[in-house]
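Worksheet for the structure shown next.
The values are calculated or read from the model by the stated rules, or taken from the named source; none is laboratory data. Only a predicted model underlies this, so the values are computations on that prediction, with no experimental measurement involved. All Cβ positions, even for glycine, are placed from backbone atoms using ideal geometry, and neighbour counts span all protein chains on display. Note: areas computed on protein heavy atoms with side chains; ligands, DNA, RNA excluded. Shrake-Rupley method; radii C 1.70, N 1.55, O 1.52, S 1.80 Å.
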Amino acid sequence: MSNAPAIVAAQEPIRRTPVALVDLLRTHRRVTAATALVGMLFLVALLAPVISPHDPLATSPDNSYLPPLSPGHLLGSDELGRDLLSRVLWGARVSLPVAFVAVAVGLFGGGLIGLVSGYAGGVVDLLLMRLMDALLAFPGLILAIAIVAALGPGLRNAMIAIGVVAIPVYARLVRAVVLQLKQMEFVVATRSLGANPLRLIIGHFIPNLLNPVIVQVSLSAGFAILAEATLSFLGLGAQLPTPDWGQMISAGSAFLTNDPWLAIVPGAAISITVYSFNLLGDSLRDALDPRLRS
């Protein structure tokens, strides 16, 4: 009898409200700090045209290879005399939207497959999961490179490729949660009362999927930014003259001996951005998982 309340509580549907989200930010300092850090990155990308000290595409051969802390060039300049700080700020306007688009492709594609597979079961589940296993058999970056090579170089195709790579991750995550929810008492009771599949999905499955999906989205965003930088480094992502962090590392790698800041500066920008999203994902996981709450 003493275990009955715990069982009932574990099988109650989750309702995530705006007030609960505000409480989450107020009571978990790591979540607040990580959210503020990610928000600052997006603010920098949004205000790049205003806060950039120079035109990121303007060349000045007389100011080539200036080291950091040079007058008028806080982070130095590249081989064409372009201001590195301005190019890094504008590069955020390329890399951060990639996180949105690629994660959206993976979330909606994989989420739909996971919902159908988990709810339908049987042959449908078997076929869809074997397709996801086939995609997972390829390393993520190798699969993205192959897709971009087939579609052609470009930022749009890179975003599509990174999104396709993320589809199996979301599909398996959503399927696992749906299979678990199907066995819970509140879902069984709702189905016994004649609820149709659409009502179950919207009213019970999706609210209970929010916690794991939110965590996965924040972690996938970091991977998407890193993957886009890798594709641009290989010449398959953003094309010249667009300022892009991966492209800047590729160009700066030829000058590592004498002018290492040309690669270090954009590399640091990537590291800070990916760390911010990973920190957000880890802190959200700790805050939203009841087993990790103190």
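Key figures
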| item | result |
| --- | --- |
| Residue list for region 1-57, filter: over 22 Å from Ala221 (Cβ atoms) and either modelled with pLDDT of 75 or more or within 19 Å of the chain's Cα centre (by Cα) (or both) | Pro49, Val50, Ile51, Ser52, Pro53, His54, Asp55, Pro56, Leu57 |
| Residue under evaluation Arg93, criteria (1) modelled with pLDDT of 90 or more; (2) open to solvent by less than 20 Å² (accessible area, probe 1.4 Å), criterion not met | (2) |
| Pairs where the first residue, in region 172-191, is closer than 10 Å to Tyr119 by Cα and the second is among the polar types (S, T, N, Q) and open to solvent by less than 80 Å² (accessible area, probe 1.4 Å), C-beta under 6 Å, 6+ apart | Arg175/Ser117; Leu181/Asn208 |
| Residue check for Ile249: under 20 Å from the mean Cα position of the chain (by Cα), at pLDDT 90 or above, under 21 Å from Leu74 (Cα atoms) and among the β-branched types (Val, Ile, Thr) | no |
| Subset of region 214-232 that is over 9 Å from the mean Cα position of the chain (by Cα) and closer than 17 Å to Ala34 by Cα - its residue that is surrounded by the fewest Cβ atoms within 10 Å (Cβ to Cβ) | Ile214 |
| All positions within region 50-62 that are more than 8 Å from Arg82 (Cα to Cα) and of a type in the set (S, T, N, Q) | Ser52 |
| The listed residue being within 23 Å of Phe100 (Cα to Cα) and over 21 Å from the mean Cα position of the chain (by Cα), out of Gly194, Gly152, Gly163, Gly203 | Gly152 |
| Residue in region 211-227 that is of a type in the set (Val, Ile, Thr) and touching a Ser or Thr at 6+ places or on another chain (Cβ under 8 Å) present | yes |
| Positions within region 227-245 being free of Cβ contacts under 8 Å to residues at least 40 places away in the same chain and part of a helix (DSSP H, G or I), in sequence order | Phe233 |
| Cβ pairs under 9 Å, 6+ apart, first in region 208-226 and within 18 Å of Leu155 (Cα to Cα), second surrounded by 22 or more Cβ atoms within 10 Å (Cβ to Cβ) and acidic (Asp, Glu) | none |
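Listed here are the residues, each with its yes/no results for (1) more than 30 Å from Glu228 (Cβ to Cβ); (2) surrounded by 13 or more Cβ atoms within 10 Å (Cβ to Cβ); (3) in contact with a helix residue (DSSP H, G or I) (Cβ under 7 Å, 6 or more places away or on another chain); (4) touching a residue at least 60 places away in the same chain (Cβ under 8 Å).
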| residue | (1), (2), (3), (4) |
| --- | --- |
| Asp133 | no, no, no, no |
| Gly140 | no, yes, yes, yes |
| Ala149 | no, yes, no, yes |
| Gly152 | no, no, no, no |
| Ala158 | no, yes, yes, yes |
| Val164 | no, yes, yes, no |
| Val169 | no, yes, yes, yes |
